[in-house]
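The block underneath contains the structure these notes are about, expressed in structure tokens.
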Amino acid sequence: MSTPDLNQQVTQLMDREAIRECMARYCRGIDRQDEEALRSAYWPDATDRHGPYQGSATGFIDWALKKLAKDSERSIHNITNMSITLAGMQAGVETYFLALQRDRDAQGIAREVFIAGRYVDRFEKRGDEWRIAARTVVYDWLRSLGTPGVSEAEHFGSVRQPVGSLRDSDPIYALLASLKN
């Protein structure tokens with residue numbers, strides 16, 4: 001087996017970093033309900049098998065944003081171990097995730113849930129860009145944490161500010177807007 005030359009090694013490192021950045025955009029998009037970030041993580045013809053949803057990634061994004069806007073109070077996704085197998089213009093990517101979610105059930109009662117699992121993704125590189133072409137979410141751990149015991153204001157108080165929020169009101173968007181190109 002031959003060792004890739006320096007240019008190939010650099011290209012592979014850049015490809016891996018582009019895939020990692022795409023995964024980070026997905027997490028920001030789902031947690032902040034940022035439609036642009038979510039759509040930028042998938043190719044327009046991508047598919048997603050995501051819990052009760054199975055179909056196009058475009059349909060998943062529409063479904064998720066509608067559900068989140070109606071029921072979700074807060075979520076945070078952390079991506080951990082990531083294995084990237086490059087195969088030309090495709091990559092097999094397994095990314096472990098931890099997610100804490102607070103939403104409301106069908107009766108409107110607040111609940112919290114902890115989910116651990118893996119995104120099993122086929123990425124494709126088109127032009128110079130890597131995005132998800134097909135995703136299957138594997139659920140390895142699910143635990144209901146019940147109903148929140150204290151209000152967010154009581155929990156965070158005035159000491160821990162700012163509190164994360166949705167879309168453009170989250171502090172990350174002010175930072176990104178302030179960067180000079």
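Points to keep in mind about this one:
- Reported count of residues in the range 68-99, each being farther than 17 Å from Arg126 by Cβ, crowded, with 16+ Cβ neighbours inside 10 Å and small (Gly, Ala, Ser), is 3.
- Across the range 24-63, the qualifying residues are those that are in a strand (DSSP E or B) and acidic (Asp, Glu), and the one among them that is surrounded by the fewest Cβ atoms within 10 Å (Cβ to Cβ) is Asp45.
- One residue stands out among those in the range 26-61 that are over 19 Å from Leu98 (Cβ atoms) and of a type in the set (Lys, Arg): the one that is farthest from the chain's Cα centre (by Cα), which is Arg49.
- Residue check, Ile76 over 19 Å from Arg25 (Cβ atoms), of a type in the set (Val, Ile, Thr) and within 16 Å of the chain's Cα centre (by Cα): no
- Looking only at the range 62-88, and only at residues there that are hydroxyl-bearing (Ser, Thr, Tyr) and closer than 18 Å to Asp103 by Cα, the one that is modelled with the highest pLDDT: Ser75
- Summed over the range 1-23, residues that are within 16 Å of the chain's Cα centre (by Cα) and surrounded by 14 or more Cβ atoms within 10 Å (Cβ to Cβ) total 5.
- Contact map, the range 161-181: residues that are within 19 Å of Arg102 (Cβ to Cβ) and acidic (Asp, Glu) paired with residues that are surrounded by 11 or more Cβ atoms within 10 Å (Cβ to Cβ) and modelled with pLDDT of 75 or more, Cβ distance under 7 Å, separation 6+ or inter-chain. Pairs shown: Asp170/Arg32.
The values are calculated or read from the model by the stated rules, or taken from the named source; none is laboratory data. Computed from a prediction, not measured in an experiment: that's the story for all the values here. Note that each Cβ is placed from the backbone with ideal geometry, even for glycine, and that neighbours are counted across all protein chains shown.
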